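The values are calculated or read from the model by the stated rules, or taken from the named source; none is laboratory data. Remember, predicted model here, so these are calculated numbers, not experimental data. Quick reminder, even Gly has a Cβ in these numbers, built from the backbone with ideal geometry, and neighbours come from all protein chains shown.
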Amino acid sequence: MIMKKSTKFVASAVAAVALFIGMNASAQTNDGDSKALRLGVGVSAGIPTNDDYNIALGGDLRLQKDFFSNISGTLSAGYTNFSVKDESKSALGYDSQGWIPVKAGIKIFPVSRFYISGEVGAAFGTDKGQGTALVYAPGIGVGTNTGLDIGLRYEGLAKDNINFPRSGSNLGQVALRLAYGFNLNK
């Protein structure tokens, strides 16, 4: 219960700071509001925050719509696999856990090319008994004019009675995402 309240507090604080920065941020570009629509294809590798897992690997598609030159909205869907350490396989009874996160979010560019992001949504378990979890992902990154996007995020999964033995009710990762964005307006 305490973890659940602290998670909500942290997510609310990140959202409030992101909105504040976005309202006071300088423009990302000098040529006005672009209103661009982009489709990003990304891969990520992460370090799980639970001792029973050794790596998290995934991929995603992200649709990004510019609302202003320094604020964009995002919709993303992908797949993430949390690989279990060899010494934990017998205790857990499985080799890995797969999740399909579906998220909506915001990217705010306080300075040119550098962004702060926040996403929230649902993660659907691909294995029997996993169910659906809340997924949240605050992050930072750099987007280039060539379409390359490099981001660092914390992505957490939270659910009451979720099947994460010895870890309480949450699982997360600190992940590096490399992506390429295609401008759909051209």
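A few notes on this one:
- Residues of the range 45-66 that turn out to be at pLDDT 95 or above and either among the charged types (D, E, K, R) or under 18 Å from ALA104 (Cα atoms) (or both), as a count: 8
- Restricting the range 96-132 to residues that are among the small types (Gly, Ala, Ser) and farther than 12 Å from GLU155 by Cα, the residue that is surrounded by the fewest Cβ atoms within 10 Å (Cβ to Cβ) is GLY129.
- Lone unmet requirement of (1) closer than 15 Å to LEU157 by Cβ; (2) crowded, with 17+ Cβ neighbours inside 10 Å; (3) of a type in the set (S, T, N, Q); (4) more than 11 Å from the chain's Cα centre (by Cα) for GLN64: (1)
- Screening the range 93-136 for residues that are of a type in the set (Asp, Glu) and outside any strand (DSSP E or B) and picking the one that is farthest from ASP66 (Cα to Cα) gives ASP95.
- Test: residue in the range 170-182 that is crowded, with 20+ Cβ neighbours inside 10 Å, of a type outside the set (Gly, Ala, Ser), modelled with pLDDT under 90 and not in a strand (DSSP E or B): no
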